[in-house]
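Contents: one structure, followed by commentary.
The values are calculated or read from the model by the stated rules, or taken from the named source; none is laboratory data. The structure presented is a predicted model; accordingly, all values stated were derived computationally and were not measured. In this analysis, Cβ positions are derived from the backbone assuming ideal geometry, glycine residues included, and neighbour counts consider all displayed protein chains. The accessibility values were calculated without ligands, DNA or RNA, using every heavy atom of the protein model including side chains. Shrake-Rupley method; radii C 1.70, N 1.55, O 1.52, S 1.80 Å.
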Amino acid sequence: MNINTLNITKKIMNKYNIKANKRFGQNFLIDDNILENIIFSSNISKEDLVIEIGPGLGNLSEYILNNSKFAILIEIDKNMQEILKDRLKNYDNYLLINDDILKINIDELIDDIELKNNTKYKNVKVVANLPYYITTPIIFKVLQDSKKIDDITVMVQKEVAERMVAKPKTKAYGILTIMVEYLSDASIEIIVPNTSFIPAPDVTSAVIKLVKNKKYSVNNEELFFKLIHSAFAQRRKKLSNSLESTHFMDMNKSEIEKLLVKNNISLNTRAEELNINDYINIINNL
């Protein structure tokens, strides 16, 4: 593809007299090499349905539309609607929605699109440059709420990407790490300097790919999620104290200590010292 995204972005910003909206965490990606690499990492095909969250000026959208069968563009900023329609006027393989991704039932939306287009898509993928201020809620929603999405390739803050692939006994290891590992296989694909954006953010970014994969089995998934959140709620404390202070299952200190001992966990252990299997065993042995 021969797209000069930097020039196009400057023309659009001048034409519409717009600036990136800090409220919506907007930084416009203008590096064509990075855009091409995102598409390569996402492995989109002409049989796939792609969901883009926060398309902004449409810089990534154009690449997505050229490589997928159909795309759903979900943009919360009303000011971007006219710009996107103008930018993508030569494409007919997309639906533009002005809404908040966190309020959308993703699987119902996918069903509606397949019914409307009379097509069963081979894969459903999320490909996006996510707004950094709500990255984690979006990741949780897409991983947990949708049974139809196959994989996710998104730009996030590098620090957040590192948290997703962190190892136990490190500062980066936490709730996000375990939730991502429980629901997917995660890999950092690209490191992106701040010079790849207009305006340049204060942080380095990274593209991370999450391939949904339920490789773990737990007796009570809801209780497992509650355990993780309780364990890391006060991560500097010992695990037993954190579980007690967050009233996990309304257990008292003695009951919590018995539970940990039963699972061969030292009473001096902190949340970050346990791996995902340790937490699964706690729930399965309750």
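Within region 243-261, not a single residue is among the small types (Gly, Ala, Ser), in contact (Cβ under 8 Å) with a residue 12 or more places away in the chain and closer than 17 Å to residue 273 by Cα. Summed over region 65-119, residues that are open to solvent by 80 Å² or more (accessible area, probe 1.4 Å) and either over 24 Å from the mean Cα position of the chain (by Cα) or closer than 26 Å to residue 17 by Cα (or both) total 10. Residues that are over 18 Å from residue 236 (Cα atoms) and assigned to a loop (DSSP other than H, G, I, E, B) were ranked within region 254-286; the one that is most open to solvent (accessible area, probe 1.4 Å) is 264. Of all residues in region 201-234, which are among the β-branched types (Val, Ile, Thr) and open to solvent by less than 50 Å² (accessible area, probe 1.4 Å)? Answer for region 201-234, where residues must be among the β-branched types (Val, Ile, Thr) and open to solvent by less than 50 Å² (accessible area, probe 1.4 Å): 203, 207, 208, 218, 228.
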